[in-house]
Structure formats: structure tokens, C-alpha cells
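Just so it is clear, none of the values below were taken in a lab; they were calculated from the coordinates. Quantities reported herein were computed from a predicted structural model and do not represent experimental measurements. Heads up, the Cβs are rebuilt from the backbone with ideal geometry, glycines too, and the neighbour counts pull from every protein chain shown.
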Amino acid sequence: MGLSDIKKNLTSEPTVSKSPKVERAGVYCMEAEKAVADAIIRLGEKCFADNLDNEDGHYYEDVKEIKRLKEREILCKQYKLSLESKRLCEHCGVVVTSDSLFCNKCGEKLDELDFSAFGSNEPSSEKKNCPSCGKTIAADADFCEYCGTKVK
């Protein structure tokens, strides 16, 4: 046995064989833990739904925080989609192109999204606002892509 064989034996994990009963018991434990966690999540979702409009309730601050976090989560999803020139309809959840003014599924008007919370990777000099509609457009644009106004 050479030096490399000794090093290999020292660094390798010892193999411990588990009996089938031990392995099954481990699976049962993991399934039980997941079932408990899922039940707690369902209870929390029910509690959240029951307390959405209860400003006097015991859970008001927690519900308010969850609402804020859910709004942030939706904005994050919208931001990610916007990087792919897409967006979600806030009313029905269908994905549409980012320049859509109305949803092509439910027909609802789409609100302008504000991603300023995520910062910008582009210098502000590369963007400007349309003098007619106020939307942000590229600094070198000749026409506004939203309203068609000549900007140069």
C-alpha cells in the first residue's frame, strides 16, 4: 500500500450500510415532518385570509407585513419578466408583452410599473421622460414609444 492509498483511505467517508428498516423509518420521519410543515402552512394561509381586513385583530401587524412582502414578491416577478420584455396582468395573471397597455386575455387596463426599488443598471443620462405623456424613454429616442410624440 502506497502513500496515496493511505491518504485516500484517510479522506474517504466510511461506508455504513443501513438496514432496510432504518431507511424506511427515515423516509417515514421525513414524510411526517413534511406533513406537519404543510399543515402549519395551510393553517397560516387560513389565518392570513381570515384576518386580511381585520385591523383590530391580534394578527394585524403580521398580516400587514405579509401583504407588504407579497407586493414585493409580485414586483420582483414583474421586474424579472420585464427583463424579458414581458409582464403579468395584475387582474388575471396572464403574461403579456411589456409594452401592452391592456391585457389581451381579460381586457383590463395595465398599470405602469415602478421598478425604482430595484435601482437601475443604466446611468440616468441614458433615459429621459416624454414631454407629452411623461413615460421614461431612451435618451436618444426621436419619438415616444408610448404616445408617438416627436421628442427630438
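Dipole size of the range 58-113 about its Cα centre, with +1 on Lys/Arg Cβ and -1 on Asp/Glu Cβ: approximately 140 debye, rounded to the nearest 20.
Converting phi to 3J(HN,Hα) with the Karplus coefficients 6.51, -1.76 and 1.60 and the offset θ = phi - 60°, the range 83-88 yields 5, 9, 6, 9, 7, 9 Hz in sequence order, with x at every glycine or proline. Kirkwood radius, the range 62-152, all distinct C-alpha pairs, inverse of mean reciprocal distance: 14.8 Å. Of the GluC sites (Glu not before Pro) found in the range 50-108, those that fall in a DSSP loop while having at most 11 other beta-carbon atoms within 10 Å are Glu55, Glu84. If the cut-off is 17 Å between C-alpha atoms, which aspartates and glutamates fall inside it for Lys21, apart from same-chain ones fewer than 8 positions away? Cα-Cα hits under 17 Å: Glu31. Amide H to amide H, with H built 1.01 Å from N, Lys86 comes under 5 Å of Ser98, counting only residues 5 or more places away or on other chains.
Within the shell defined by Cβ-Cβ distances under 11 Å, the residues around Thr97 carry a net charge of 0, with Lys and Arg each +1 and Asp and Glu each -1. Using equal-weight Cα scatterers in the Debye expression, the normalised intensity of the range 9-118 in log10 at q = 0.10, 0.14, 0.19 Å⁻¹ is -0.60, -0.81, -1.03.
For Lys127, the amide hydrogen comes within under 5 Å of the amide hydrogens of Ala139, counting only partners 5 or more places away or on other chains and with H modelled in the peptide plane.
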